[in-house]
Amino acid sequence: MPNRPHRLLVIEDDPGLRDVFRLALETAGYEVEVVEDGGAGLSAAFERQPDLVITDLLTPRMHGYEFIRRLRATPHGVRMPIIVVSGQAYATDQRRAIELGACGFLPKPFQRQQLLDIVKRSLSQVRVRFWGVRGSIAAPGPETIRYGGNTPCVTIERGQDLLILDSGTGLRKLGVCLQAEAKRTPQHIRMLITHTHWDHIQGFPFFVPAYVPGNRLDVYGPPSVEKPLEKVLRGQMDPAYFPVALGDMAAEIVVHEVREPEFDVGPFRVSAMYINHPGITMAFRIDIDGVVVTYATDTEPYRFLLADRNADPESELADYGGKRDGELARFAANADLYIADSQYSPEEYNMKRGWGHTCYTDAVELAMAAQARRLALFSHDPMHDDDMVDEKLRRCKELVASRGSDLVVHAAIEGQSIDIEPAATAASATATSAPKS
Ligand SMILES: [Zn+2]
């Protein structure tokens, strides 16, 4: 949490309401700037980088939707939380605001306490954001435009606190956004890397904050089979592959090899376990404010690798594999969000057994066994176009419904964020989508 008061920007054209906002929010300890229309709002958002924006929908000269769209299209506004306030409380308007990337909707007229509640909730919730969702290799193009083509990069955010999971090609845009937000303030950035296959590290050389003097970057991950983690990261920036060496990046970069099952990364409590994938790969379970996110990308169920899919479950190998898979289910137990490898269809898995990935119905089975609240199907196959990912999601939802489970399933979308309120505040999660650029 910042040591200063939260800075709020309010866009409201009604003079009476402007006073209401200012009085209610300043009395509650917030720093408040009020402007009249979206154009002034964009300038103020850029200049002062507020912690939260509250905008009316029907402001003069620029509609609230247009404001959100334009703010999201600039690097400094991609991560900025927005609450929409409107007398147009139609369900379609609320849905549209959330789809555009608002984190909350407050219908007019509202009570002072309702305003304070939604502001507090928006500032305290944990936000998981997907910057890259594609497995194996980046696959941009018209056929992957809706789900995105960048390779794994996810952030967990709580206020000013940020933890990066993996440094695939999605990391590039995150770096651009962080740099735009920071202006000239030094940043301390923390990153976990599950393993060093290309698709999980190729964004690293393009991470702008790593080039900024005064910044500090702490990287945590397992060593590879033969080399220290730092040597692997250095190796991909060898002059034969990249024009800048790791040592020439101007930020202070500290690489930590993960050897303990539990450790703290800033305010995030992290648990780590090895999972079944060629080489050395870890899954992470991250706890912040009681919100638990488990990230297990690039893994294959032991029981199907060791024994044939149709093998007698009582057989020695199937039994052993099942026990090992149970360890991952326990690792993900009761997660608010389980982000899971779901690269193949069941039909594809039969041909790609031993390639180190999971078929999506098995990801659902594990999430249900773990009693996770929400599952994000992740690491989409580069050969899967948007329609195929739609079909994956449809089949997974069908499986969940057939079991009578209340697991919420969705397919991870590049640019999408999922807001999770700490259990102490409430028990809900909202998915929002931000347009890709
Ligand atoms: Zn891998």
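The values are calculated or read from the model by the stated rules, or taken from the named source; none is laboratory data. Nothing here was measured: the structure is a model prediction, and the numbers come from that model. FYI the Cβ positions are ideal-geometry reconstructions off the backbone, even for glycines, and counts take in every protein chain you see. The accessibility values were calculated without ligands, DNA or RNA, using every heavy atom of the protein model including side chains. Shrake-Rupley method; radii C 1.70, N 1.55, O 1.52, S 1.80 Å.
Those residues that are among the acidic types (D, E), within 16 Å of the ligand (Cβ to nearest atom) and either at pLDDT below 90 or at negative phi (or both), I need them from the range 279-312; list them, please.
Correct list: E300 only.
Considering only the range 257-267, I want to know if a residue exists there that is modelled with pLDDT under 95, closer than 28 Å to G321 by Cβ, within 16 Å of the ligand (Cβ to nearest atom) and assigned by TED's automatic domain parsing to the domain that holds I418.
Within the range 257-267, none of the residues are modelled with pLDDT under 95, closer than 28 Å to G321 by Cβ, within 16 Å of the ligand (Cβ to nearest atom) and assigned by TED's automatic domain parsing to the domain that holds I418.
For the range 128-148, how many residues are touching a residue at least 12 places away in the same chain (Cβ under 8 Å) and open to solvent by 10 Å² or more (accessible area, probe 1.4 Å)?
Qualifying residue count, the range 128-148: 10.
Among the residues of the range 188-208, write down those that are away from the ligand (no atom under 16 Å from the Cβ) and within 26 Å of A283 (Cβ to Cβ).
Passing the criteria: H188, I189, R190, M191, P205, F206, F207.
Would a scan of the range 225-240 turn up a residue that is touching a residue at least 60 places away in the same chain (Cβ under 8 Å) and either within 30 Å of R330 (Cα to Cα) or in contact with a helix residue (DSSP H, G or I) (Cβ under 9 Å, 6 or more places away or on another chain) (or both)?
No, the range 225-240 contains no residue that is touching a residue at least 60 places away in the same chain (Cβ under 8 Å) and either within 30 Å of R330 (Cα to Cα) or in contact with a helix residue (DSSP H, G or I) (Cβ under 9 Å, 6 or more places away or on another chain) (or both).
To keep it simple, each residue is scored yes or no on (1) over 17 Å from the mean Cα position of the chain (by Cα); (2) under 27 Å from L8 (Cβ atoms); (3) assigned to a strand (DSSP E or B).
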residue: T155; (1), (2), (3): no, yes, yes
residue: L162; (1), (2), (3): no, yes, yes
residue: L174; (1), (2), (3): no, yes, no
residue: D199; (1), (2), (3): no, no, no
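Counting just the residues of the range 405-426 that are open to solvent by less than 30 Å² (accessible area, probe 1.4 Å) and either in a loop (DSSP other than H, G, I, E, B) or of a type in the set (K, R) (or both), which one comes out modelled with the lowest pLDDT?
P422
Out of (1) open to solvent by less than 10 Å² (accessible area, probe 1.4 Å); (2) more than 15 Å from the ligand (Cβ to nearest atom), what's the single condition that is false for T185?
Condition not satisfied by T185: (1).
Matching residues to (1) within 24 Å of H357 (Cβ to Cβ); (2) open to solvent by 60 Å² or more (accessible area, probe 1.4 Å):
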{"site": "R216", "(1), (2)": "no, yes"}
{"site": "Y220", "(1), (2)": "yes, no"}
{"site": "P267", "(1), (2)": "no, no"}
{"site": "M273", "(1), (2)": "yes, no"}
{"site": "D289", "(1), (2)": "no, yes"}
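Could you tell me whether the range 230-246 includes any residue that is modelled with pLDDT under 95 and away from the ligand (no atom under 16 Å from the Cβ)?
No, there is no match, as no residue in the range 230-246 is modelled with pLDDT under 95 and away from the ligand (no atom under 16 Å from the Cβ).
Go through the residues of the range 222-239 one by one and say whether even a single one is of a type in the set (D, E), open to solvent by 30 Å² or more (accessible area, probe 1.4 Å) and under 13 Å from T196 (Cβ atoms).
Checked the range 222-239: at least one residue is of a type in the set (D, E), open to solvent by 30 Å² or more (accessible area, probe 1.4 Å) and under 13 Å from T196 (Cβ atoms).
Mind checking which residues of the range 321-338 are surrounded by fewer than 17 Cβ atoms within 10 Å (Cβ to Cβ) and either part of a loop (DSSP other than H, G, I, E, B) or not small (G, A, S) (or both)?
K323, R324, E327, R330, A333, N334
Given the residues D325, D298, D308, D287, which is the only one that is farther than 24 Å from C396 by Cα and either in the same structural domain as Q160 (by TED's automatic domain parsing) or touching a Leu at 6+ places or on another chain (Cβ under 7 Å) (or both)?
Just a single option satisfies the conditions, and that option is D287.
Answer yes or no as to whether A332 is within 16 Å of the ligand (Cβ to nearest atom), at pLDDT 90 or above and of a type in the set (A, V, I, L, M).
For A332, the condition - within 16 Å of the ligand (Cβ to nearest atom), at pLDDT 90 or above and of a type in the set (A, V, I, L, M) - is not met.
Any residue that is touching a Ser or Thr at 6+ places or on another chain (Cβ under 6 Å), assigned to a helix (DSSP H, G or I) and within 16 Å of the ligand (Cβ to nearest atom) - is there at least one of those in the range 377-394?
Looking through the range 377-394, none of the residues is touching a Ser or Thr at 6+ places or on another chain (Cβ under 6 Å), assigned to a helix (DSSP H, G or I) and within 16 Å of the ligand (Cβ to nearest atom).
Only one of F378, F304 is surrounded by 24 or more Cβ atoms within 10 Å (Cβ to Cβ) and either farther than 30 Å from D289 by Cβ or in contact with a strand residue (DSSP E or B) (Cβ under 6 Å, 6 or more places away or on another chain) (or both). Can you tell me which?
F378
Determine which single condition T74 fails, assuming it passes every other condition in (1) touching a residue at least 12 places away in the same chain (Cβ under 8 Å); (2) over 31 Å from the mean Cα position of the chain (by Cα).
(2)
Filter the range 114-128 for residues that are more than 11 Å from L8 (Cβ to Cβ) and among the hydroxyl-bearing types (S, T, Y) and give the result.
Correct list: S124 only.
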